[in-house]
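Derivation of every value follows stated rules applied to the coordinates shown; laboratory data play no part. Computed from a predicted structure; not experimentally measured. FYI the Cβ positions are ideal-geometry reconstructions off the backbone, even for glycines, and counts take in every protein chain you see.
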């Protein structure tokens with residue numbers, strides 16, 4: 001049975017179509033969920049895509065976290081559902097407290113739009129199960145507020161680190177998961193590295209892991 | 001019960017232990033303008049709003065909650081605010 005993944009659209013999201021494409025490449029059914037509707041429509045997994053929800057006003061992700069759909073996303077995450085946040089999606093998950101820490105302005109105060117190499121450190125999440133520990137992925141970054149700050153006095157569960165820290169992130173962190181591991185945020189855009197003509201197909205592994213994980217949960 | 005109307009003036013600053021590249025950049029711009037005697041530049045934001053409530057205490061409690069839940073990110077920011085009673089429009 002094909003897993004069904006919901007990709008949330010906030011006013012200002014702009015990567016949702018690319019995420020849907022990347023998910024379909026891995027054999028999932030994927031559709032869009034409007035932020036203003038509370039229902040997740042029975043999806044098997046949720047992705048919060050990149051963009052500029054609410055224009056990044058006040059703080060990036062600060063208002064998106066209170067959208068009606070987020071009430072359902074929070075409950076879904078509490079029940080162990082797989083939730084992936086990419087770039088702005090990571091920022092929204094951090095503001096919502098679904099992953100620990102915060103994303104702040106890049107240390108060099110430049111908007112970064114470039115390739116990045118990340119190392120996978122945790123292969124026990126639903127998003128990295130098809131990867132090897134220590135595996136490197138070449139995935140683009142596209143952000144001004146990707147500088148990760150951990151919560152005071154707590155070690156976050158690090159999933160990805162940059163090989164060359166582009167933005168001053170604490171310990172070169174590029175992605176973290178919740179303590180239980182079913183919620184993950186990462187700043188790089190795997191959906192922009194899902195076809196060889198894009199320059200890299202490395203991002204496919206993240207979506208393949210998710211589809212694999214959700215399929216085996218449904219079967220088991 | 002007479003309602004209380006108050007204007008809150010809220011100052012939001014990055015926590016001292018958080019790097020503030022915006023403040024550092026502003027500080028680096030100053031010597032060229034002849035101000036080489038400035039240090040510790042940090043940049044935050046100022047928010048103003050008017051709240052109507054039952055009492056100044058209730059208004060203060062609400063502004064505090066608004067700061068904690070929406071207007072600031074407690075992981076990286078601190079805040080303070082003042083309240084000033086304002087007349088009905």
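Using just the helices of chain A, give the 222 nm mean residue ellipticity in deg cm²/dmol: DSSP H runs with n ≥ 4 each add -39,500 (n - 2.57), and the total is spread over all residues, rounded to 500. Intermediate results must be reported in sequence, preceding the final value.
Working: 4 runs with 45 residues, N = 220.
Helix-only estimate at 222 nm: -6000 deg cm²/dmol.
Which FRET efficiency value, to the nearest 0.05, is calculated for residue A:135 and residue B:68 with the Förster distance at 41 angstrom and r the Cβ-Cβ distance? Please report the intermediate quantities before stating the final value.
Values: r = 40 Å, r/R0 = 0.98.
Once the sixth-power term is evaluated, E becomes 0.55.
Report the Rg/Rh value for the protein assembly as shown, based on alpha-carbon coordinates and the Kirkwood definition of Rh. Mind showing how you got there, number by number?
Numbers: Rg = 21.2 Å, Rh = 20.7 Å.
Reported Rg/Rh (Cα atoms, Kirkwood Rh): 1.03.
So if the hydrodynamic radius of segment A:29-176 is defined as the Kirkwood radius over C-alpha pairs, what does Stokes-Einstein give as its diffusion coefficient at 25 °C and 0.890 mPa s, in µm² per second?
Details: Rh = 15.9 Å.
Stokes-Einstein gives a translational diffusion coefficient of 154 µm²/s.
Report the normalised scattering of chain B as log10 I(q)/I(0) at q = 0.15 Å⁻¹, calculated by the Debye formula with identical scatterers on the alpha carbons.
-0.67
Using only the Cα atoms of segment A:101-196, construct the convex hull and provide its projected area averaged over every direction, in square nanometres to one decimal.
Details: hull surface 24.0 nm².
Orientation-averaged projected area of the Cα hull: 6.0 nm².
Compute the separation of the alpha-carbon centres of segment A:81-147 and segment B:43-89 and state it in Å as a whole number.
33
Could you check what % of the DSSP bridge pairs in chain A are antiparallel, to the nearest 5? Kindly include the intermediate steps, with their values, before the conclusion.
Working: 23 of 40 bridges.
Once the DSSP bridges in chain A are tallied, antiparallel ones form about 60 percent.
Using Cα springs under 10 Å in a Gaussian network model of chain A, which residue among A:58, A:40, A:32 shows the largest mean-square fluctuation?
Of A:58, A:40, A:32, the Gaussian network model singles out A:58 as fluctuating most.
I'd like to compare A:168-180, B:10-22, B:33-45: which one has the highest average count of other Cβ atoms within 10 Å, and what's the full order after that? Write out the running numbers ahead of the final one.
Numbers: A:168-180: 20.1, B:10-22: 16.2, B:33-45: 11.0.
Going by the mean number of other Cβ atoms within 10 Å, highest first, we get A:168-180, B:10-22, B:33-45.
Would you kindly compute the Cα radius of gyration of segment A:11-51 and its largest Cα-Cα separation (Dmax), both in Å?
When restricted to Cα atoms, segment A:11-51 yields Rg and Dmax of 10.4, 28 Å.
Expressed in nm to one decimal, what extension gain is obtained for the pair residue B:9 and residue B:54 from 0.36 nm per residue of sequence separation less their Cα-Cα distance?
Numbers: separation 45, 0.36 × 45 = 16.20 nm, distance 1.88 nm.
Once the chain is fully extended between residue B:9 and residue B:54, it gains 14.3 nm.
In percent, how large is the relative contact order of segment A:1-106, given Cα pairs closer than 8 Å and 6 or more residues apart? If you can, show how the numbers build up before the last one.
Working: 199 pairs, mean separation 29.3, N = 106.
In percent, rounded to a whole number, it is 28.
Specify the angular offset, from 0 to 90 degrees and rounded to the nearest 10, of the alpha carbon long axis of helix B:56-66 from the longest principal axis of the alpha carbons in chain B.
50
Find the relative contact order for chain A and round it to a whole percent, using C-alpha pairs within less than 8 Å whose residues are 6+ positions apart.
About 21 percent, as a whole number.
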